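The values are calculated or read from the model by the stated rules, or taken from the named source; none is laboratory data. Bear in mind the structure is a predicted one, so any value in this text is a computation, not a measurement. No Cβ is skipped: glycine too gets one built from the backbone with ideal geometry, and neighbour counts run over all protein chains shown. These accessible areas exclude ligands, DNA and RNA; they are computed on the full protein's heavy atoms, side chains included. Shrake-Rupley method; radii C 1.70, N 1.55, O 1.52, S 1.80 Å.
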Amino acid sequence: MTSLERYDLPVSAIPKRWYNVLPDLPRGLDDYLHPVTREPVDQEFMERLLPKALVAQETSTDRWITIPEEVRAAYRLWRPTPLFRATALERHLDTPAEIYFKYEGSSPSGSHKLNSALAQAYYARLEGVDRLVTDTGAGQWGSALSLACSLFGIKALVYMVRASFQGKPYRRHLMETFGQQVLPSPGPHTDFGSALLAAAPDHPGSEATAVSEALETVRRNPGDRFSMGAFANHVLLHQTVIGLETREQLEEIGKQPDFLVASVGCGSNLGGFAFPFVGDKLAGAQIGILAAEPAACPTLTAGEYRYDFADASGLGPLTRTYTLGHEFVPPPIHAGGLRYHGAAPLVGLARHEDLLDARAYTQKEVFEAGTLFARLHGLLPAPETAHAVRATIELAEDCRRQRRRAVIVFCYSGHGLLDLGAYGSYNAGEMAEPEPYECTLAAGDPALAHLAGR
Ligand SMILES: *Cc1c(COP(=O)(O)O)cnc(C)c1O
């Protein structure tokens, strides 16, 4: 008996255009607001922060945006990615549902993040940007951007949360091997980092400290631009290669999805995977879109839809989306890529318009699902991806109870081969279960307050 089926597309099927969901949504996005004046941000503010082409994509209402030939050529490193049918999991669950997954784990950096990193590095190079500066938690985004910048011949500087820099060094080694600079945050290279270290020499760092240092660096160096791994509209746009390929693969085998499932940190893999189906959904197709989140940081499940700072430091623009509050510091979980207080505005809007649903899972539920999947299919999902596996299993079990032959497709956002420490502690029965999210917001890091003007 086969444990899975595989559906490939020829290299010529790599999408030629990205799909922009904005013109198809029932309403537009609210303006980004300036962090100090609270007025809508102008183009000059944005272009000091990001390469011009990305600023244009950020607000574009064109439904299709051509993928530059150089970016398409770089996608050939691993795209088109396969669609698999997880027949062994179907049998194991004894479900009448069909389970498919789109495999983004074959990317050279290990996750879907390279889809956007390549586009960002390409435009930065084209516009003569000296260096892209970014922040990374566990290092998935930092490794994708480092690789992309090396391929396009530009510099990257990555501020990595100090606790991961020291405790989970493999992705740092990867970034350095790609020839890029990685600094621990907080560190002595910025005013912000020095002040924090002076007050607390053992400061473990956080997303907030890393973003603050990256923004300070960009502000100081006119040739630098900031780079975002998720959240922004242009990132979700680049990620739509995932869903566009998936659509084509499903069409070839004559299947219509009933459920699309993805893990959500900010929502870039969910948006990229599911948005190309939103047109069908608005035209009446019954497609359920499900976001899988950690119980410790359930942005779409428990957050509020309101204006908040996009970044934890309160330095960047304000946007309206689902948020747990930018001062909320999620507890440490192994799915570092899901520790984010806010959803991408496009995903927030889709949720607000009832175009998608969300469920939250505890760490142990997630690793149980990831381990089962590895045993059945030989593919070890990243802890983030294992959230989507968990949600898929739950849906397939619902289908068993209802005797429903639904087609479930999930986004396999990345592999877990650099997350073996987490699987190790799960296997040893030593995995701590962080407190599930409670609606009392943690006090922000007081060291950040003066910078945010509060
Ligand atoms: C970063 C990451 C995620 C979460 O980020 P999104 O922006 O929500 O997609 C999920 N899976 C993997 C493997 C990641 O690296």
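Things worth noting here:
- Size of electric dipole in the range 381-427: Cβ of Lys, Arg +1 and of Asp, Glu -1, about Cα centre, debye, nearest 20: 420
- Using every pair of distinct Cα positions in the range 149-240, the Kirkwood expression returns a hydrodynamic radius of 14.2 angstrom.
- P(r), alpha carbons of the chain - 20 Å bins starting at zero, rounded %: 27, 61, 12, 0
- Legend: residue pairs K102/K168; K16/K52; K255/K281; K52/K113; K16/K113, Cα-Cα distance threshold 24 Å; pairs beyond threshold, K102/K168.
- Beta-bridge orientation, the chain: approximately 40 percent antiparallel, per DSSP, counting only bridges with both partners inside.
- Estimated purely from DSSP H runs of n ≥ 4, each contributing -39500 (n - 2.57), the mean residue ellipticity at 222 nm for the chain is -11500 deg cm²/dmol once divided by its residues.
- The amide H of A358, built 1.01 Å from its N in the peptide plane, has A291 as neighbours under 5 Å, considering only residues 5 or more places off or on other chains.
- Looking at the range 333-431, the trypsin sites (Lys or Arg not before Pro) that sit in a DSSP loop and have at most 15 other Cβ atoms within 10 Å of their own Cβ are R403, R404, R405.
- Along its first, second and third principal axes, ordered by size, the range 25-72 spans 40, 31, 10 Å in Cα coordinates.
- GluC sites (Glu not before Pro) restricted to DSSP loop in the range 301-397 with at most 15 other C-beta within 10 Å: E353
- Per residue, the chain exposes an accessible area of 38 Å² to a 1.4 Å probe, with every protein chain left in place.
- Percent breakdown of C-alpha pair distances by 10 Å bin, ordered from the shortest bin, for the range 46-106: 17, 25, 27, 18, 12, 1
- The chain - percent of accessible surface contributed by carbon and sulfur, probe 1.4 Å: 51
- Charge dipole (debye, nearest 20) of the chain; +1 at Cβ of Lys and Arg, -1 at Cβ of Asp and Glu: 880
- Cα point-scatterer Debye curve for the range 127-195, base-10 log of I(q)/I(0) at q = 0.28 Å⁻¹: -1.20
- Using a cutoff of 8 angstrom between alpha carbon atoms and counting only pairs six or more residues apart, the relative contact order for the range 72-169 works out to 22 percent.
- Between the range 390-432 and the range 43-120, the Cα center-to-center distance that results, in Å: 21
- Where only C-alpha atoms are counted, convex hull volume of the range 352-399 per residue in Å³: 92
- Basic side chains Lys and Arg get +1 at the Cβ, acidic Asp and Glu get -1 at the Cβ, and with that the dipole of the range 94-244 about its Cα centre reaches some 300 debye.
- Shown here is the pair-distance distribution of the range 20-124: with all Cα-Cα distances grouped in 10 Å bins from zero up to the longest one, the shares run 11, 27, 30, 20, 9, 3 percent.
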